[in-house]
Amino acid sequence: MKKKALGFLGGIGVGVLNGLLGAGGGMLTVPLLEAMGVEGKRAHATSLAVIVPLSLVSAGIYWQRGWVTLGEAAVFLPGGLVGAAVGAKLLAKASTPWVKRAFALLLLWASARRLLG
């Protein structure tokens, strides 16, 4: 029951961040999944299963409001698809401590960029 409550409340937080910040909820999903007992690599992979539908809902709402143009988004898709495949293969080979450190560095970089930029 405790995991379900954490999952539901965490889902609300992740959804709000995703809708407000544009997929920023993924940075919250991984730590929440780990707090629920999901192992590091599995938490990173599972976060994608959470973020994809949330991102589709957010993008659909943005599109309805005219804030998204498919042409602008399409520029990133070919490289993004290649990068996603490479990243998924790298995750399978990387050690969990390395993945956690890389994720922490990404969070620090994103934080510094937002605070200083």
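The values are calculated or read from the model by the stated rules, or taken from the named source; none is laboratory data. Note that the coordinates shown come from a computational prediction; the quantities given were computed from them, not determined experimentally. Ideal geometry is used to build each Cβ from the backbone, glycine not excepted, and the neighbour counts take in all protein chains shown. These accessible areas exclude ligands, DNA and RNA; they are computed on the full protein's heavy atoms, side chains included. Shrake-Rupley method; radii C 1.70, N 1.55, O 1.52, S 1.80 Å.
General observations
- One residue stands out in region 55-72 among those that are farther than 15 Å from GLY22 by Cβ and open to solvent by 60 Å² or more (accessible area, probe 1.4 Å): the one that is modelled with the lowest pLDDT, namely LEU70.
- Restricting region 1-44 to residues that are touching a residue at least 40 places away in the same chain (Cβ under 8 Å) and surrounded by fewer than 16 Cβ atoms within 10 Å (Cβ to Cβ), the residue that is nearest to TRP67 (Cα to Cα): LYS41
- Of the residues ALA45, ALA92, the single one that is closer than 20 Å to ASN18 by Cβ and either of a type outside the set (Ser, Thr, Tyr) or out of contact with any Phe, Trp or Tyr (no Cβ under 9 Å at 6 or more places or on another chain) (or both) is ALA45.
- Within the option set VAL52, VAL75, being open to solvent by 50 Å² or more (accessible area, probe 1.4 Å), of a type in the set (A, V, I, L, M, F, W, C) and modelled with pLDDT under 90 holds for one residue only, VAL52.
- Any hit, region 89-99, residues being within 24 Å of GLY15 (Cα to Cα), part of a helix (DSSP H, G or I) and open to solvent by 60 Å² or more (accessible area, probe 1.4 Å): no
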